[in-house]
1. For the range 79-100, which residues satisfy the criterion of being in contact with a strand residue (DSSP E or B) (Cβ under 9 Å, 6 or more places away or on another chain) and either outside any loop (DSSP other than H, G, I, E, B) or closer than 18 Å to Ile120 by Cβ (or both)?
2. Considering only residues of the range 187-202 that are in a helix (DSSP H, G or I) and closer than 19 Å to Pro293 by Cβ, which is nearest to the chain's Cα centre (by Cα)?
3. Restricting the search to the range 8-46, which residues are hydrophobic (A, V, I, L, M, F, W, C), under 29 Å from Leu157 (Cα atoms) and either in contact (Cβ under 8 Å) with a residue 60 or more places away in the chain or in contact with a Gly (Cβ under 7 Å, 6 or more places away or on another chain) (or both)?
4. Which residue pairs have Cβ atoms under 7 Å apart, sit 6 or more places apart or on different chains, and have a first residue in the range 292-315 that is more than 19 Å from Asp232 (Cα to Cα) and a second that is small (Gly, Ala, Ser)?
5. Here are the criteria: (1) touching a Ser or Thr at 6+ places or on another chain (Cβ under 6 Å); (2) more than 23 Å from Ala202 (Cα to Cα). Tell me which single one Asp165 does not satisfy.
Amino acid sequence: MGVEICVEGLTKSFGHQVIWQDVSLTLPAGEVSVMLGPSGTGKSVFLKTLVGLLKPERGSVKIAGRDITRLREHELYEVRKLFGVLFQDGALFGSMNLYDNIAFPLREHTRKSESEIRRIVLEKMDMVGLIGSEAKLPGEISGGMRKRAGLARALVLDPEIILFDEPDSGLDPVRVAYLNQLIVDLNAQIDATFLIVTHDIASARQVPDNIGLLFRRELVMFGPREELLTSDEPVVRQFLNGRMQGPIGMAEEKDAAQVEQELAALSGSETAQTPGSQALTPRLLPGPGITRPPRWEAIARREAELRRRKAVADA
């Protein structure tokens, strides 16, 4: 079962450069959350702060009731055992085959026998579809397979929190679709708390329970998927629709007058919309034979109510 992560007033800087400030959100236990934002807004820095690799200037990160920003190193080491991390490139050891890469955390952090390690490694490899590839080296496999191997390694210690740093980076659309399905299936099976940093809009629309957006050194919004997908917040609409018109520019932000002019022109060229009238993309469902977590019923009711209200507003 996943654990809740409660972030309050978090601020991180490097020298005089503020990355983000006063970030507050709660990642619900067992749910999938996605963090979006233009390049350079500190999404990966946020992940590293959650796991205690970077210290914030202000604020707290409470995990299982403990504020990791105030823990001693040996205490932080114990909390980190709750985490599994999938890095952008899989971060596999090039000289080790996939089996040894995935077994590495078990050999380093547990006293399990080799027979028990083999059982766990093969179980996790089976979960990510890598059975039969145990003897292959990272350089002999595709980028998508390396991602799956990195994910299997992140799972071997049965973490309660899994962080994904741009898992779709470098993958073609078909492999991204397979990876998204794998993430949804895994969350339904192990019920851990997932946080995904990504630029992929299709993934953000289909996979998570919750979405957040970092921009201009702050958290613009964080909440249930359906709230952000139907939001009229200009930066949210621009990012989720992947268009040029809006506050985000090539150099991250634009002049306010330019933004106002662009949005006015865009409103004039689009069909008139009522607040929250954007389409709500259907969620990606767990695969056949995988039981949906109980929360999915509540989510389905929320989304059905949102569609009902939209239909009434459009009538």
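1. Our first condition is that a residue be in contact with a strand residue (DSSP E or B) (Cβ under 9 Å, 6 or more places away or on another chain); within the range 79-100, this holds for 79, 82-88, 91.
Selection gives Val79, Leu82, Phe83, Gly84, Val85, Leu86.
2. Of the residues in the range 187-202, the ones in a helix (DSSP H, G or I) are 187-190, 201-202.
Keeping just the survivors that are closer than 19 Å to Pro293 by Cβ gives 187-190.
Numbers: Asn187: 12, Ala188: 15, Gln189: 17, Ile190: 16 Å.
Per the criteria, the residue is Asn187.
3. So the first thing to find is which residues in the range 8-46 are hydrophobic (A, V, I, L, M, F, W, C), and the list is 10, 14, 18-20, 23, 25, 27, 29, 32, 34-36, 45-46.
Narrowing further to those that are under 29 Å from Leu157 (Cα atoms): 10, 25, 27, 29, 32, 34-36, 45-46.
Answer for the range 8-46, where residues must be hydrophobic (A, V, I, L, M, F, W, C), under 29 Å from Leu157 (Cα atoms) and either in contact (Cβ under 8 Å) with a residue 60 or more places away in the chain or in contact with a Gly (Cβ under 7 Å, 6 or more places away or on another chain) (or both): Leu10, Leu25, Leu27, Ala29, Val32, Val34, Met35, Leu36, Phe46.
4. Arg292/Ala188; Pro293/Gly30; Pro293/Ala188
5. The single condition Asp165 does not satisfy is (2).
This table checks each residue for (1) aliphatic (A, V, I, L, M); (2) modelled with pLDDT under 90; (3) within 28 Å of Pro282 (Cβ to Cβ); (4) assigned to a helix (DSSP H, G or I).
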{"position": "Ala135", "(1), (2), (3), (4)": "yes, no, no, no"}
{"position": "Gly139", "(1), (2), (3), (4)": "no, no, no, yes"}
{"position": "Gly144", "(1), (2), (3), (4)": "no, yes, yes, yes"}
{"position": "Ala149", "(1), (2), (3), (4)": "yes, no, no, yes"}
{"position": "Ala152", "(1), (2), (3), (4)": "yes, no, no, yes"}
{"position": "Pro159", "(1), (2), (3), (4)": "no, no, no, no"}
{"position": "Asp168", "(1), (2), (3), (4)": "no, yes, yes, no"}
{"position": "Arg175", "(1), (2), (3), (4)": "no, yes, yes, yes"}
{"position": "Asn180", "(1), (2), (3), (4)": "no, no, yes, yes"}
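The values are calculated or read from the model by the stated rules, or taken from the named source; none is laboratory data. Since the structure is predicted, the reported quantities are computational estimates derived from the model, not experimental observations. Here the Cβ is made from the backbone with ideal geometry for all residues, glycine too, and neighbour counts use every protein chain on show.
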